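Worksheet for the structure shown next.
The values are calculated or read from the model by the stated rules, or taken from the named source; none is laboratory data. Just so you know, these numbers come straight off a predicted model, no measurement behind them. Don't worry about glycine lacking a Cβ; one is built from the backbone with ideal geometry, like all the others, and counts go over all protein chains shown.
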Amino acid sequence: MSTNEPSSVRLTAWVDGTVQGVGFRWWTRSRALELGLVGEARNLPDGRVAVVAEGPRPQCEKLLALLRGSDTPGTVRSVVDQWTTAGNTFRTFAEA
């Protein structure tokens, strides 16, 4: 399913905890690609990681559940999420 289709959404999740580092971003990218999502995971100056994912809502919900799960590298204390319409600005999922 293309992110150009009306059922596509954008999930923005701010992940707080001991998560900054290549391992967490790589893990997030791997899971997002397995789910067929596009977007990015990047470190923020305040110590959180911002994850932006676009694609079908059920796939984005699965990624959100994985981010909130216990199998992530590092320690996730909280995940704040926001849902909007897909912006169609990504071609793949990158770790920045």
Please go through region 67-96 and pick out each residue that is surrounded by fewer than 18 Cβ atoms within 10 Å (Cβ to Cβ) and in a helix (DSSP H, G or I). Arg68
Can you confirm whether Pro58 is modelled with pLDDT of 95 or more and either surrounded by fewer than 20 Cβ atoms within 10 Å (Cβ to Cβ) or among the aromatic types (Phe, Trp, Tyr) (or both)? yes
Scan region 7-14 and tell me whether some residue there is surrounded by fewer than 22 Cβ atoms within 10 Å (Cβ to Cβ), at pLDDT 95 or above, more than 17 Å from Glu95 (Cα to Cα) and of a type in the set (A, V, I, L, M). yes
Pair list, Cβ under 6 Å, 6 or more apart: region 76-96 residue acidic (Asp, Glu) and modelled with pLDDT of 95 or more, other residue surrounded by 10 or more Cβ atoms within 10 Å (Cβ to Cβ) and part of a strand (DSSP E or B): Asp81/Ala13
Might you check whether a residue that is of a type in the set (Asp, Glu) and assigned to a loop (DSSP other than H, G, I, E, B) occurs anywhere in region 48-61? no
Quick check: is even one residue across region 15-35 touching a residue at least 60 places away in the same chain (Cβ under 8 Å), of a type in the set (Lys, Arg) and under 17 Å from Glu95 (Cβ atoms)? yes
Of all residues in region 44-55, which are surrounded by fewer than 18 Cβ atoms within 10 Å (Cβ to Cβ) and more than 20 Å from Arg91 (Cα to Cα)? Leu44, Pro45, Asp46, Gly47
Could we say that Gly39 is out of contact with any Gly (no Cβ under 6 Å at 6 or more places or on another chain) and either among the hydrophobic types (A, V, I, L, M, F, W, C) or not in a strand (DSSP E or B) (or both) here? no
